[in-house]
């Protein structure tokens, strides 16, 4: 299974960009040993989108129907790192080809568009707080790496 972290907006160079790149590189190094094909990141330029609906559609439109979608949303469930690892493992074992973890634009996703474009999407939250967009990318990338490190049984994760 491929794991793709897809975020609305372009992240330029800087410490957050370096951290996202580092965690994605670390996760990719564990991908094959844990039975995953790849871990990548994808930025979607939303500057010309006029509405949240347009932004939401741009983030979802090119995702294959067979892929699993995780929407990062403050109203989502708050899984533990072990639960995230288990979900990835289950989807991998079920033969799912790709999982997309989506971070919306600055104003989030359009709820009505999500209902029609991604009705079966899983919704996860990184907690009840509001986080800066760049840090959400870092935290999501780190959780992907942490999940794979749990599956690989490395000493990175400590309960």
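The values are calculated or read from the model by the stated rules, or taken from the named source; none is laboratory data. Worth saying up front: this structure is predicted, and the values here are computed from it rather than measured. Cβ placement follows ideal geometry from the backbone for every residue including glycine, while neighbour counts extend to all protein chains displayed.
Taken together, 27, 67 contain a single residue that is over 15 Å from residue 102 (Cβ atoms) and in contact (Cβ under 8 Å) with a residue 24 or more places away in the chain, which is 27. Among the residues of the range 24-45, those that are over 20 Å from residue 92 (Cα atoms) and either buried (at least 20 other Cβ atoms within 10 Å of the Cβ) or within 15 Å of the chain's Cα centre (by Cα) (or both) comprise 42, 43, 44. When the range 102-121 is filtered for residues that are over 13 Å from the mean Cα position of the chain (by Cα) and either assigned to a helix (DSSP H, G or I) or under 19 Å from residue 41 (Cα atoms) (or both), the ones remaining, listed by number, are 105, 106, 108, 109, 111, 112, 113, 114, 115, 116, 117. Can you find a residue in the range 75-92 that is modelled with pLDDT under 95, surrounded by 15 or more Cβ atoms within 10 Å (Cβ to Cβ) and farther than 17 Å from residue 146 by Cα? The answer is yes; a qualifying residue exists.
Here the range 133-159 is the region considered, the condition is being loosely packed, with under 11 Cβ neighbours inside 10 Å and modelled with pLDDT of 90 or more, and the residue that is farthest from residue 88 (Cα to Cα) is 155. Put simply, of 99, 113, 154, 122 the only residue that is under 12 Å from residue 70 (Cα atoms) and touching a residue at least 60 places away in the same chain (Cβ under 8 Å) is 99.
Scanning the range 56-74 for residues that are touching a helix residue (DSSP H, G or I) at 6+ places or on another chain (Cβ under 9 Å) and more than 24 Å from residue 23 (Cβ to Cβ) yields 56, 57, 61.
Within the range 122-135, the set of residues being farther than 15 Å from residue 79 by Cα and either in a helix (DSSP H, G or I) or touching a strand residue (DSSP E or B) at 6+ places or on another chain (Cβ under 6 Å) (or both) comprises 133, 134, 135. One residue alone among 11, 19, 1 is in contact (Cβ under 8 Å) with a residue 12 or more places away in the chain, closer than 16 Å to residue 147 by Cβ and surrounded by 14 or more Cβ atoms within 10 Å (Cβ to Cβ), and that residue is 1. Residues that are surrounded by 12 or more Cβ atoms within 10 Å (Cβ to Cβ) and within 18 Å of residue 52 (Cβ to Cβ) within the range 117-130 comprise 117, 118, 121, 123, listed in sequence order.
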